[in-house]
Structures are given as C-alpha cells and as structure tokens.
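Notes follow the structure.
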Amino acid sequence: MELEKFYYDNKLSKNFAVATLFWGIIGMMAGVFAAFQLAFPALNLDTAYITFGRLRPVHTTAVVFAFVGNGIFTAVYYAIPRLLKTKMYSDVLGKIHFWGWQLIILTGAITLMLGYTTTKEYAELEWPLDIAITVIWVVFGINMFMTILKRRERHLYVAIWFFLASWVTVAMLHIVNSFEIPVSFFKSYSMYAGVQDALVEWWYGHNAVAFFLTTPYLGLMYYFVPKAANRPVYSYRLSIIHFWSIIFLYIWAGPHHLLYTALPQWAQTLGTVFSIMLLLPSWGGMLNGLFTLRGAWDKVREDPILKFFVVGITCYGMATFEGPMLSLKNVNAISHYSDWTIAHVHIGALGWNGFLTFGMLYWLIPRLYNTQLASKKLASTHFIIATLGMLLYAIPMYWAAFRSYFMMKAFTPEGQLQYQFIDVVQSTVPFYIMRGVGGSLYLFGVFLMAYNLVKTARKGTFVEREEAEAMPLAKRYTQTGRKIWHSIIERKPVLMLVMSFFVVSLGGLFEIIPTFLVNTNIPTIASVKPYTPLELQGRDIYIREGCVNCHSQMIRPFRHEVMRFGEYSKAGEFVYDHPFLWGSKRTGPDLARIGGKYPDSWHFNHMYEPTSMAPGSVMPRYPWLFEKDLDISTTISKIHAMRNLGVPYAEGYEAKANKDLEKQAKKIARSLKNDKIDVSYKKEIIALIAYLQRLGTDIKADK
C-alpha cells in the first residue's frame with residue numbers, strides 16, 4: 001500500500017519553546033522580587049510601576065499565561081501533528097497565534113504596571129486585551145481543530161482529548177467572566193456585582209487553574225511521559241474515566257474559594273461536595289502517569305528528564321489531594337486568606353507545571369536540533385536545585401499560615417485578642433525571606449537549564465522540516481472484533497468537542513444561573529447606597545494600586561475576626577460593587593469596616609509613610625498620590641456606566657457629579673487642615689481617603 005509523504009514543521013514548536021523559557025525567567029524574576037518586597041518594603045522603591053500591588057499580577061500573568069501558556073502551545077504544535085500523522089492546518093494561523101500571544105503578554109505586563117487592571121484573579125487584563133485574547137484563542141482553536149479534521153490517524157489519542165476540552169472550556173470561562181462595560185480605553189466595570197461577581201470570578205479563577213494549568217498539562221503528560229520512558233500509557237480505560245470525570249467535576253468546585261463568605265450556603269456546599277469528589281479522578285490520572293513508568297524505574301534513576309516527570313506528577317497528586325482538603329470548612333477556616341493558599345498554588349505551579357515543562361524542554365530541544373542533550377549532569381543538578389528551591393519556598397509558607405492563624409485567634413484569659421494584626425505580620429517576615437530564597441534557588445535552576453539548552457542547540461542543527469510518511473486515512477486499518485463505546489467518540493472529533501462543552505457547561509449553569517435569577521439569594525439592605533463620585537474615583541485608585549492583593553473586604557463569622565475587624569459581612573453590602581473586592585490574601589488587615597475608625601489625617605499619614613501609623617508595617621509608600629491631581633474628566637462616563645449596570649444614580653446625575661465630588665473633596669481637605677495637614681483637594685489621596693472612610697459605614701447607619 002502506497003504511503004503518503006509529508007513533513008512536520010518544527011518552527012512553531014521551537015518558537016513557543018523559546019518563548020516558554022524566556023517568559024518563565026521573566027515571570028519568576030518578578031515573583032522573586034515581589035516576594036522580597038513583602039519582607040523589605042524599601043524594595044518598592046517609591047515607584048508606582050513596580051510596587052507589590054502592581055507587580056504581583058504581572059508575576060501571576062507572566063507565569064500562568066506566558067510560561068505555562070507557551071508551554072502548552074509548544075506541546076500542542078509538536079504532539080498533535082505526530083499523533084495525527086499530518087502537518088498543522090495553517091502556517092499563517094500558527095504565526096498569528098505565536099506573535100499575537102506574545103504581544104498580548106507584553107502589552108499585559110506594561111498595562112498592569114501602569115495600573116490598568118480589572119483586579120480579578122487570573123483575569124486582571126482590561127477589556128481590549130480580553131478581546132485580543134479571545135481572537136487569538138479562536139485562531140489557535142481553528143488551527144488545532146482543522147488539523148484534527150484533516151488527520152491521517154483515525155482515532156484521537158488521549159492527549160488530544162485533553163487539549164480539545166481545555167480549548168473549549170477556557171473559551172467559555174474567559175468570555176463569561178469578561179463581560180464588562182468599558183469606561184475608557186483601558187478601564188471597565190464588571191457587569192456583575194458583589195456576590196454574583198465573586199461567584200463568576202471564582203468559577204473562572206478555579207477553572208483557569210483546572211483547564212489552563214491542569215488539563216492541557218495532563219495532555220502533555222500523556223504524550224511526553226510515554227515518549228521519554230519508551231513505554232505505553234499504563235491504562236487506556238483509566239484514561240477514559242480520568243478524562244470525562246475530571247472535566248465534569250472540576251467545573252463545579254469554584255465556590256470552595258468562598259467558604260464562610262457572603263456567598264449563599266447552598267453554593268458553598270456544592271463547591272465543597274464536588275471538590276471532595278474531584279480527588280478520585282485526579283489521583284486516577286496521577287497513578288496512570290506514574291504506572292506508565294512501570295518497568296522503567298532503573299531508567300528513572302539515571303535520566304533527569306524522567307526525574308522531572310516523576311516529581312512533577314507527584315506534585316500534581318499532592319496538589320490535587322490538598323485542594324479537596326482545603327474545601328473542607330474546618331480546614332478552609334485556617335487556610336483562607338493565609339499563606340497556606342500561596343504554598344498550595346506553588347506546589348502546583350513550581351512542581352506540576354514547572355517540572356513537566358522542564359522535562360518536556362529537556363526531551364524536545366535535542367530532537368528539534370538532531371543532537372544529544374549537552375549535559376545530563378547539569379540537568380540532574382537543575383533537578384536537585386529546583387526540588388530544594390520548591391521545598392524551601394513551600395514549607396515556610398505552610399509554617400507561616402499555621403503560625404498566623406493561631407496568633408490571629410489567640411485570646412487572653414480576660415477574653416481580649418492577644419495579638420495585634422501587626423504582630424502577626426511581623427512574625428511572618430522571616431518566612432517571607434525564606435520563601436524568597438527558595439524562589440531564587442528555583443530561578444537559578446532555570447538559568448542553568450537555559451544555559452544547557454542553548455549549548456544543546458549550538459551543538460546540533462535545527463531540523464526545520466521533519467520528513468514523515470503515513471497511509472491515507474481512507475486506507476487505514478479498520479478495527480475489527482470487540483470495541484468499547486469510547487472508540488466511536490475518538491473517531492468523531494466534532495462529537496467529542498460538543499460532548500466536552502456540554503459536560504463542562506453543566507456546572508456553570510447550575511451554580512451561576514440561580515444566583516442571578518433568585519433575588520432572595522442576595523437580600524438587600526436599605527441603608528446601602530451607591531458610592532459618591534469622589535468615593536467611586538477613590539475606589540478606582542484602590543483598584544489601580546492593587547490594594548486588593550493584600551487587603552480583604554470580607555469579614556467571616558468567626559469570633560476572632562469579628563472582634564478584630566468588626567461585624568461579619570452581609571451579601572447585601574456589595575450590590576453596587578463592580579467589581580467585588582473580597583480579596584484572597586490578608587497581608588494587611590481586612591478593610592470592610594475601616595470607615596470612620598480613624599480620622600482622615602491617619603489615612604493621609606499612613607499612605608505617605610505607613611510605619612508612622614503602624615510601626616513594623618510591610619506596606620509600601622504611595623508618594624505619587626500626593627503629587628497627582630485626580631482626573632475628574634472620567635467621572636461622567638463612570639457614573640453613566642454604573643447606571644447602565646443598575647446602580648440607582650438619578651437620571652442626569654452626571655451633570656452635577658463633579659460638583660458633588662468637589663464639595664466632598666474640599667470637606668476632607670478642611671478636615672486635614674484642622675490636623676495641620678495642608679493639601680489640595682484636587683489630589684488623588686483625597687479620593688482614596690473618601691473611599692476608605694466609606695467602607696462599612698452603610699451597615700453602621702443601619703443600626
């Protein structure tokens with residue numbers, strides 16, 4: 001039977017691999033610098049663009065979408081043509097995908113440092129970039145799916161199942177979570193408010209981890225681990241169970257990020273139940289990966305690539321065991337808002353994503369350059385350094401979490417809180433230093449890898465076009481004998497795509513729609529009013545500076561939180577919050593009831609020199625807020641957008657909004673002058689003070 005000759009184009013795989021390495025270094029450098037900023041506030045350098053609040057989302061975006069994202073595309077553009085015995089559908093679409101994605105990442109980093117952010121976890125980029133992401137994601141999907149349709153291999157291998165499901169789910173998550181109303185070219189307001197916004201965001205946020213950091217990397221595992229070990233996948237049937245159960249269960253688990261918050265109890269319970277169920281398919285996938293290495297353990301001891309894969313898959317098992325445990329309410333009471341969550345995330349990011357990426361690059365680059373790895377010894381050294389760096393990063397964070405929790409809830413025999421919040425912060429600083437050292441060690445390992453791979457590339461010659469041959473699909477062998485039901489789906493990619501979309505959409509429909517349709521889920525509070533124009537401007541400054549990265553606005557119904565921060569939070573307080581600002585980490589105290597607790601002068605001095613009001617604070621200074629005039633040209637569009645979102649500003653209020661803003665600003669300036677602080681009412685600090693002094697006062701007015 002005559003074979004058809006064709007070629008694999010390796011240029012895209014190489015380009016994405018280089019981008020993976022480049023952005024990995026950039027993203028990890030930003031993370032290490034941000035880690036040390038928490039221990040040494042002077043590293044914020046009194047510069048707006050690299051404060052922790054702005055740099056932290058640059059780090060997460062670079063690691064998630066640049067490092068891991070490019071790693072996914074490296075795997076897809078290398079594996080799919082070889083699994084389907086065909087070249088990619090379109091070189092042009094591939095180039096648009098590559099350069100479009102890199103441009104989005106670069107623009108995203110710049111805009112985040114400039115303060116343009118939605119402040120939503122893993123979705124901080126503003127609306128023009130959301131549109132660009134959608135376009136490039138569609139381009140990628142078309143190229144991948146059309147390649148599948150013109151394949152020469154009848155059955156779709158398991159890695160492709162995960163790539164397809166990841167693509168369609170990420171598209172759904174991104175589009176639904178990104179509904180927003182533009183106010184200016186790089187400013188928008190979420191279409192959802194308060195509780196609804198929180199539910200949609202963590203439906204997205206948890207599943208961004210699931211379907212961007214996990215399922216495509218499972219596809220990577222199913223392709224590269226068998227290749228590196230030269231062994232077949234341990235169990236085909238287990239891979240079927242693993243695939244369908246994990247994409248069905250994962251999508252429901254988002255609400256476990258919001259336990260003990262103002263989210264309705266039924267949604268919290270649903271998130272917990274499905275999180276616990278998620279343990280079984282997750283560990284099924286881990287065991288399928290590890291058992292694939294059966295009979296190859298002698299090779300594991302010698303091969304650094306397999307060492308990376310084994311530890312990476314083990315970290316996947318650890319993280320997917322810990323995730324369901326963190327969804328238990330008694331455990332979540334300790335972990336939420338603490339460094340435990342940071343440790344948990346980084347076991348997944350550094351161990352699962354990082355180690356699998358390193359193993360893939362060590363395996364792939366020599367083959368792209370038709371040579372051997374320059375130094376296995378250096379790769380083994382990298383493995384040891386990266387493992388030690390990961391442990392030195394994570395263990396101090398676990399320790400800091402438990403230490404801070406027990407300090408936060410400690411009471412004296414007289415029933416008073418034993419420690420001030422600043423005492424808790426200071427106790428964690430040594431652990432932040434250790435975390436920074438661990439991250440630096442891990443980053444040093446990446447530099448070693450880059451050096452090793454560059455030497456490897458120089459030793460060989462890049463194979464731009466790799467010749468191959470295969471039988472046409474129409475002449476391929478047709479399976480006879482007993483078949484299982486799944487073989488039908490594997491031959492029908494459109495059916496697999498539709499079924500995957502149906503399975504992953506169920507969780508969102510059952511969780512999100514009731515919250516939007518049933519008003520009793522979010523009881524209103526009569527005293528809660530819309531923000532004044534000055535407060536709205538101040539809130540946007542708070543968002544711009546990334547304050548939500550360190551401060552929560554959600555007091556949980558625990559004795560120690562209520563005594564420390566004030567009355568626990570109610571769902572009805574947030575009905576005008578576009579977006580919600582509940583936060584996910586408390587490096588600073590909760591601000592939900594900060595309004596009226598201190599005079600205006602306290603906030604003024606605290607923002608100018610935090611340690612003058614809170615000795616030992618790790619918060620950066622914000623001198624630019626005292627120098628920049630507030631841009632009131634945006635007030636009209638902001639009020640108009642809020643009214644379109646349902647905030648009950650009076651019709652035509654835009655015309656007088658700036659007059660009200662000026663009146664309130666002058667009142668705050670007079671208050672400051674009474675405390676011997678002379679500052680223009682036009683400065684940004686005035687608006688921020690107005691917002692902070694508003695927080696929680698609606699509930700006080702209701703009493």
Discussion item. Restricting to the stretch 647-692, and then to whatever is closer than 13 Å to GLN537 by Cα and not hydrophobic (A, V, I, L, M, F, W, C), can you tell me which residue is surrounded by the most Cβ atoms within 10 Å (Cβ to Cβ)?
Written reply: TYR691
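Which residue, of THR587, THR635, is assigned to a loop (DSSP other than H, G, I, E, B) and of a type in the set (S, T, N, Q)?
Exactly one of THR587, THR635 is assigned to a loop (DSSP other than H, G, I, E, B) and of a type in the set (S, T, N, Q), namely THR587.
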Worksheet item: Which of the residues belonging to the stretch 234-260 are surrounded by fewer than 21 Cβ atoms within 10 Å (Cβ to Cβ) and either closer than 19 Å to TYR204 by Cα or out of contact with any Phe, Trp or Tyr (no Cβ under 6 Å at 6 or more places or on another chain) (or both)?
Response: SER235, TYR236, ARG237, LEU238, ILE240, ILE241, TRP244, SER245, PHE248, TYR260
Fill in: Matching residues in the stretch 246-268 - criterion: being over 16 Å from ARG556 (Cβ atoms) and either outside the structural domain of ALA333 (by TED's automatic domain parsing) or part of a helix (DSSP H, G or I) (or both)
ILE246, ILE247, PHE248, LEU249, TYR250, GLY254, TRP266
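Quickly run through the stretch 108-127 and pick out the residues that are surrounded by fewer than 16 Cβ atoms within 10 Å (Cβ to Cβ) and in a helix (DSSP H, G or I).
Of the stretch 108-127, the ones surrounded by fewer than 16 Cβ atoms within 10 Å (Cβ to Cβ) are 110, 114.
Of everything in the stretch 108-127, just one residue is surrounded by fewer than 16 Cβ atoms within 10 Å (Cβ to Cβ) and in a helix (DSSP H, G or I), namely ILE110.
Farther than 19 Å from ASP303 by Cβ, in contact (Cβ under 8 Å) with a residue 60 or more places away in the chain and assigned to a helix (DSSP H, G or I), is that true of THR357?
Values: farther than 19 Å from ASP303 by Cβ: no; in contact (Cβ under 8 Å) with a residue 60 or more places away in the chain: yes; assigned to a helix (DSSP H, G or I): yes.
No, not satisfied.
Find the residue count for the stretch 407-439, including only residues that are among the hydroxyl-bearing types (Ser, Thr, Tyr) and either in contact with a Leu (Cβ under 8 Å, 6 or more places away or on another chain) or part of a loop (DSSP other than H, G, I, E, B) (or both). Before the answer, list the steps.
So the first thing to find is which residues in the stretch 407-439 are among the hydroxyl-bearing types (Ser, Thr, Tyr), and the list is 412, 419, 427-428, 432.
Filter once more, so that each one left must be either in contact with a Leu (Cβ under 8 Å, 6 or more places away or on another chain) or part of a loop (DSSP other than H, G, I, E, B) (or both): 412, 419, 432.
Selection size over the stretch 407-439: 3.
Looking at PHE224, PHE145, PHE243, PHE162, can you tell me which residue is touching a Leu at 6+ places or on another chain (Cβ under 6 Å), part of a helix (DSSP H, G or I), under 24 Å from ALA79 (Cβ atoms) and not assigned by TED's automatic domain parsing to the domain that holds LYS570?
Values: PHE224 fails: touching a Leu at 6+ places or on another chain (Cβ under 6 Å); PHE145 fails: touching a Leu at 6+ places or on another chain (Cβ under 6 Å); PHE243 fails: touching a Leu at 6+ places or on another chain (Cβ under 6 Å).
When all the criteria are applied, what remains is PHE162.
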Fill in: Residue among ALA62, ALA34, ALA30, ALA17 that is hydrophobic (A, V, I, L, M, F, W, C), touching a Gly at 6+ places or on another chain (Cβ under 7 Å) and under 22 Å from ALA349 (Cβ atoms)
ALA62
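Can you work out which of the residues in the stretch 84-94 that are in contact (Cβ under 8 Å) with a residue 12 or more places away in the chain and assigned to a helix (DSSP H, G or I) is surrounded by the fewest Cβ atoms within 10 Å (Cβ to Cβ)? Give the derivation first.
Going through the stretch 84-94, the residues in contact (Cβ under 8 Å) with a residue 12 or more places away in the chain turn out to be 84-91, 93-94.
Filter again for assigned to a helix (DSSP H, G or I), leaving 84, 91, 93-94.
Numbers: LEU84: 24, ASP91: 13, LEU93: 19, GLY94: 24.
The selected residue is ASP91.
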Practice prompt. For GLU561, work out the one condition from (1) closer than 22 Å to TYR419 by Cβ; (2) touching a strand residue (DSSP E or B) at 6+ places or on another chain (Cβ under 8 Å); (3) not β-branched (Val, Ile, Thr) it doesn't fulfil.
Written response: (2)
Response to the item:
Okay, helices (runs of 4 or more DSSP H) sitting entirely in the stretch 296-339 with 1 or more residues that are among the charged types (D, E, K, R) and without any contact (Cβ under 8 Å) to a residue 40 or more places away in the chain, I get 297-302, 304-326
Worksheet entry | Odd one out for PRO226, checked against (1) of a type outside the set (Gly, Ala, Ser); (2) surrounded by fewer than 22 Cβ atoms within 10 Å (Cβ to Cβ); (3) under 27 Å from the mean Cα position of the chain (by Cα) | (3)
Worksheet item: Of the residues in the stretch 562-578, how many are surrounded by 20 or more Cβ atoms within 10 Å (Cβ to Cβ) and touching a Phe, Trp or Tyr at 6+ places or on another chain (Cβ under 7 Å)?
Response: 2
Item to complete: Could you check PHE291 against (1) touching a helix residue (DSSP H, G or I) at 6+ places or on another chain (Cβ under 9 Å); (2) touching a residue at least 60 places away in the same chain (Cβ under 8 Å) and say which number it fails?
Response: (2)
Item to complete: Could you tell me whether the stretch 546-556 includes any residue that is surrounded by 18 or more Cβ atoms within 10 Å (Cβ to Cβ) and touching a Cys at 6+ places or on another chain (Cβ under 9 Å)?
Response: no
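The values are calculated or read from the model by the stated rules, or taken from the named source; none is laboratory data. Source: prediction; values computed, not measured. Virtual Cβ from ideal backbone geometry, glycine too; neighbours counted across all protein chains shown.
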